[in-house]
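Notes to accompany the following structure.
The values are calculated or read from the model by the stated rules, or taken from the named source; none is laboratory data. It should be emphasised that the depicted structure is a prediction, and the values quoted were computed from it without experimental measurement. Quick reminder, even Gly has a Cβ in these numbers, built from the backbone with ideal geometry, and neighbours come from all protein chains shown. Accessible surface is based on the protein model in full, side chains and every heavy atom, while ligands, DNA and RNA are left aside. Shrake-Rupley method; radii C 1.70, N 1.55, O 1.52, S 1.80 Å.
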Amino acid sequence: IGNGLNSISSLPVNLHSLICSNNNLSNLPPLPATLETLYCHGNLLSQIPALPSTLYYLSVANNLLTELPALPNSLHFLDLQNNQIDSLPALPVNLFRMDCSSNLLTSIPPLPTYCFGILICDSNQLTSLPALPPFLGLLECSNNMLSSLPSLPDSIEIVSCMNNQISCFPSFPSARLH
């Protein structure tokens, strides 16, 4: 972390975790099939290689990404805030948490319904949100162009939707508004 690293030529075939955050990396080599966690936030990445089917945690925040490769169904945590991404690929069925704030998104694909619990999508160009899954506990969607919110699930605990164009709120089962 934070070594001024400019490149990584290759990675060990049995690597499970790669932490290369806060460097000067503009690209990554092919990722090993065994990789479970990838922390490469705070670099100069404009693209990332194909993701292995074993990947559980992906942090690519604070880079120069404009798109993502296909996301594996094993992925549970996705942090891609502060990039230049304008659209997302299909979201994995096992995804639990996604932070896609401070990008150029105009829409978000359908959210997984199995265990998705946290959506942070502040500071994009969103005009609507997809249907919210039944286990969602936290929704942060401030600083967008939303005129309404979808129905909120009974599980919702925190909703933050400041600086939008919302004129009518859905019922809030037990939410705390900010």
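Considering (1) in a loop (DSSP other than H, G, I, E, B); (2) closer than 19 Å to residue 83 by Cβ, the lone condition that residue 119 does not fulfil carries the number (1). Cβ separations smaller than 6 Å between residues 6+ apart or across chains give the following pairs from segment 136-161 residues that are under 13 Å from residue 124 (Cβ atoms) and open to solvent by less than 40 Å² (accessible area, probe 1.4 Å) to residues that are part of a strand (DSSP E or B) and of a type outside the set (Phe, Trp, Tyr): 142/160.
Of the strands (runs of 3 or more DSSP E) lying entirely inside segment 11-64, the ones with 1 or more residues being over 13 Å from residue 79 (Cβ atoms) are found at 17-19.
For the condition touching a strand residue (DSSP E or B) at 6+ places or on another chain (Cβ under 8 Å) and within 17 Å of residue 93 (Cα to Cα), what is the one hit in 152, 136?
Values: 152 fails: within 17 Å of residue 93 (Cα to Cα).
That would be 136, the only listed residue that is touching a strand residue (DSSP E or B) at 6+ places or on another chain (Cβ under 8 Å) and within 17 Å of residue 93 (Cα to Cα).
When segment 89-119 is filtered for residues that are aliphatic (A, V, I, L, M) and either over 21 Å from residue 142 (Cα atoms) or crowded, with 19+ Cβ neighbours inside 10 Å (or both), the ones remaining, listed by number, are 90, 91, 93, 95, 98, 105, 108, 119.
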